[in-house]
């Protein structure tokens with residue numbers, strides 16, 4: 001076997017070998033001088049009587065001949081043996097740098113191609129894996145943020161999620177002040193209004209001094225008011241809000257995506273007064289009621305309309321009055337009286353406004369057409385509004401028994417029902433899903449099939465739920481906010 005290395009192609013000859021070579025040349029020259037032809041050696045002919053040892057030698061496999069560079073730095077990926085074919089070996093000239101460079105170049109090119117191919121394959125595999133994880137864990141929202149949190153919750157558990165459970169800032173929280181928007185949780189306590197992310201990180205926390213706090217939140221804008229008192233705070237996102245004091249006690253307030261907001265007060269000179277302000281806190285509309293008492297008010301998403309609900313009684317029977325205002329006109333453009341129905345909430349996120357009453361739900365579209373739907377039950381146990389849909393749970397009994405979930409989609413005339421043998425304690429909707437809290441367990445329903453698609457266990461002290469996305473739900477306990485991962489139903 002011959003091992004060729006760069007710069008090491010010549011062999012050293014001994015003095016005796018050189019002398020013999022000179023004598024041989026001299027002898028040939030002498031014979032040529034006397035006209036004799038020099039003798040040449042005949043090649044040894046093989047015979048049939050070849051010895052066994054010679055046959056064994058011929059049967060031996062040819063050894064692999066390799067070339068290795070000497071001057072390659074340690075750690076260089078080119079520093080490895082190169083297989084040389086028989087044709088390359090026969091044509092290889094150890095005194096020629098060109099041939100050796102050709103071998104080196106072929107080796108280098110092969111290595112580069114192989115490395116590049118492997119890098120491309122690994123990159124494609126990583127992309128496919130990440131895409132699959134996002135598709136599985138992101139849910140219908142296809143949110144990358146949601147995917148990361150859901151992957152974390154799946155492998156680490158909800159209690160080990162980055163920050164959950166989160167202790168409340170304050171001593172108590174009301175379920176009416178617990179909700180979610182754009183996958184973040186919001187909770188109003190007796191001392192602060194706090195927003196938390198999917199990972200449990202605090203987005204903001206605004207302190208207040210209200211004795212009976214209520215909040216309205218829309219698209220990053222909020223108004224915190226002291227029900228039955230005169231103080232309120234208007235702000236945006238993590239910015240500290242501005243504090244204001246009204247002339248009269250506030251019964252209700254609302255803020256819209258446009259930045260316009262309203263307060264509904266019980267006036268000293270009038271039964272009620274509706275005041276609408278623009279985003280610069282300038283009064284842009286007011287309406288005074290000579291009769292009836294203020295209950296709820298809302299501003300349309302575009303800030304061009306307002307709606308207010310007042311109550312009164314006639315012959316011992318309570319009734320509610322819904323009034324719709326165009327803010328460029330002094331008087332209501334439409335009114336509706338709902339007899340025997342005590343309306344407590346208004347929701348206005350799309351073209352129609354929904355009014356939630358204890359006996360019936362009412363909708364009013366953009367053309368001021370009212371529709372009323374009377375429930376088949378005596379007690380409203382829970383309600384939620386999301387994406388133009390109103391969800392109402394009604395039971396025949398005050399604290400137990402079966403219940404019916406009503407789903408109003410855009411109008412009170414478009415209704416579907418889910419009848420359940422258990423009492424619904426709370427409702428939260430997200431996209432095409434709605435979750436129900438029943439006996440401290442969360443059941444997630446698909447709004448297309450109206451069937452359970454996922455569920456999860458809530459803590460024993462859970463008061464309210466708020467869907468973060470279609471795979472997870474925030475839960476409000478007595479002292480903390482937690483996160484429950486919903487597992488698919490078999």
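Note on the range 348-490: along the principal axes its Cα atoms extend 43, 32, 30 Å, ordered by decreasing extent. Altogether, the Stokes-Einstein calculation at 4 °C and 1.567 mPa s, with the Kirkwood radius of the range 208-384 over Cα pairs as Rh, returns a diffusion coefficient of 79 µm²/s. Annotation for residue 328 and residue 344: the two label points, set 7 Å from Cα along the Cα-Cβ direction, are 3.8 nm apart. Here the mean projected area of the convex hull built on the C-alpha positions of the range 366-442 is 5.2 nm². Judged by the mean number of other Cβ atoms found within 10 Å, the most tightly packed of the peptides 228-240, 433-445 leads the ranking 433-445, 228-240. Expressed to the nearest 5 percent, the antiparallel share of DSSP beta bridges inside the range 208-384 is 100 percent. Over the range 273-332, Cα pairs under 8 Å with separation of 6+ residues give a relative contact order of 24 percent. The mean of 1/r over all distinct Cα pairs in the range 237-315, once inverted, gives the Kirkwood hydrodynamic radius of 13.1 Å. Per-residue packing, averaged as other Cβ atoms within 10 Å, sorts the ranges 295-304, 412-421 into the order 295-304, 412-421, beginning with the highest.
Across the range 208-384, C-alpha contacts under 8 Å between residues 6 or more apart give a mean separation that, scaled by the residue count, equals a relative contact order of 11 percent.
Laboratory data are not the source of any read-out in this text; all were calculated from the coordinates shown. Remember, predicted model here, so these are calculated numbers, not experimental data. For neighbour counting, all protein chains shown are included, and Cβ atoms are generated from backbone atoms with ideal geometry for every residue, glycine included.
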